[in-house]
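The values are calculated or read from the model by the stated rules, or taken from the named source; none is laboratory data. If you're wondering where the values come from, they're calculated on a predicted model, not measured in any experiment. Note: ideal-geometry Cβ built from the backbone for every residue, glycine included; neighbour counts use all protein chains shown. We work out accessible area using only protein heavy atoms, side chains counted, and drop any ligands, DNA or RNA first. Shrake-Rupley method; radii C 1.70, N 1.55, O 1.52, S 1.80 Å.
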Amino acid sequence: MNALPDDVFLLPTSLVQKRYWLLDQLVPGNPALNMPLAFRLAGPLDVPALERALSDLAIRHEILRASFDRVGADVMQIVRQEAAVSLDVVDLSTLPAAERDQRTEELVLEEARKPFVLARGPLLRTSLVRRAENDHVLLVTMHHIVCDGWSNGIVVREIGELYRAAVEGGPPRLFDLSIQFADFASWQQEWLRGEKFEETFDYWRGQLSGSLPPLEIPTDRPRRPGIAAPGVIETLLLDKPLSDALKSFGRQVDATPFMLFFAAFVALLSRWSRQKDVLVSSPAANRQHVETESLIGPFANPLLLRAD
């Protein structure tokens, strides 16, 4: 890499970011690593104020100004001071209603699947679909290397507050960030060299010792060879009486909803597979410190949980 300009800085990356970078090297531009958001905005909209709010979000969170590349033997964040976010506007207001709805859906999917180039950035993309004078859809897409599911909630809240401040002309009602994601990454690198890491590593080595049996469950068709196709999400909403009954049962046995559903899921897998040793991967928010709760960044990390 050539010498960096004065307004560009090299910052450390976390273990999770290194993993996403490696996954992108294996399948460059893989849209499965995109984190797309779509917001329906009803009512009068000040587009310049919204664009300013998006730029202010990038000013507040330096990770949204980062690209990623190998520098020497390590992968680094390359953070730029420039924080202007371009809000591309697509006007569908002149189309018939049915065609407008179809085209909106197409644009949402196209944006969600558009690849990122990690070494070039930016890894935050925004566009606005104008459906009518008081009807818009805001599309915000980030790469997983700069955000996670928890971050999405921060993005929604802070865009709303920064937009309000831009419209009214006052300061946003947001706490100053005491650290940035790169500070967490630097702390993590130190932790990996310490005694606490060795204790944690020994624990997981014990939990995952011996043979790790693959889960053999009956399927409706043979597994296809090669790289798996993009997956989908199946959603099932429980009715309120059943949901309330499950929560009540969880309180009786001192179990959180996650513990309750995890136990039921493992029991189901055990019955299907006729195995007593079951491994399930589950994401963890991984935000054990108060300072990280307001940060945009890829803190979430999958844990391999072993159930007997």
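Pairing the Cα long axis of helix 15-26 with the longest principal axis of the chain, what angle in degrees results, from 0 to 90 and rounded to the nearest 10? Approximately 80 degrees, to the nearest 10. Stokes-Einstein diffusion of the range 221-308 at 4 °C, 1.567 mPa s viscosity, Kirkwood radius from Cα pairs, rounded to a whole number: 79 µm²/s.
Packing, taken as the mean count of other beta carbons within 10 Å per residue, orders the peptides 8-21, 59-72, 37-50, 196-209 from highest to lowest as 59-72, 8-21, 37-50, 196-209. Selection among 270, 235, 259 by position relative to the dipole of the range 176-275 gives 270 as farthest towards the positive end (Cβ unit charges, Cα centre). Using equal-weight Cα scatterers in the Debye expression, the normalised intensity of the range 1-73 in log10 at q = 0.15, 0.16 Å⁻¹ is -0.78, -0.86. With viscosity 0.692 mPa s and temperature 37 °C, the Kirkwood radius over alpha carbon pairs of the range 181-248 converts through Stokes-Einstein to a diffusion coefficient of 181 µm²/s. Quick check: the distance between the Cα centres of the range 264-308 and the range 186-218, to the nearest angstrom? Result: 13 Å between the Cα centres. Of the solvent-accessible surface of the range 208-248, computed with a 1.4 Å probe over protein heavy atoms with every protein chain present, carbon and sulfur atoms account for 61 percent.
Need one word for the range 70-160: rounded, prolate or oblate. Basis is the Cα gyration tensor (sqrt eigenvalues a ≥ b ≥ c); a/c below 1.5 gives rounded, then a/b vs b/c decides. It comes out prolate by the Cα gyration axes.
Normalised by 2.2 N^0.38 Å, with N the number of residues, the alpha-carbon radius of gyration of the chain equals 1.16. The protection proxy used here, the mean number of other Cβ atoms lying within 10 Å of each residue, ranks peptides 270-279, 232-241 as follows, highest first: 270-279, 232-241.
The residues of the range 28-72 have, on average, 45 Å² of accessible surface per residue, using a 1.4 Å probe with all protein chains present. Working ranking of peptides 51-58, 84-91 by packing, defined as the average number of other Cβ atoms within 10 Å per residue, highest first, is 51-58, 84-91. In summary, the range 29-114 shows an alpha-carbon radius of gyration equal to 1.41 times the 2.2 N^0.38 Å reference for compact globular proteins. For residue 183, neighbours were defined as the other residues whose beta-carbon sits under 13 Å from its Cβ, and their charges (Lys and Arg +1, Asp and Glu -1) total -3. Of the GluC sites (Glu not before Pro) found in the range 73-171, those in coil by DSSP whose Cβ has at most 16 other Cβ atoms within 10 Å are 82, 133. Computed with a 1.4 Å probe over protein heavy atoms only, the accessible surface of the range 184-308 comes to 79 Å² per residue. Taking only protein heavy atoms and a 1.4 Å probe, the accessible area of the range 43-103 is 50% carbon and sulfur. Axis angle, to the nearest 10 degrees, between helix 257-273 and the longest C-alpha principal axis of the chain: 60 degrees.
For the chain, the longest principal axis of the alpha carbon atoms and the long axis of helix 195-207 meet at an angle near 50°.
Each stretch of four or more DSSP H residues adds -39500 (n - 2.57); spread over every residue of the chain, this sum gives -12500 deg cm²/dmol at 222 nm.
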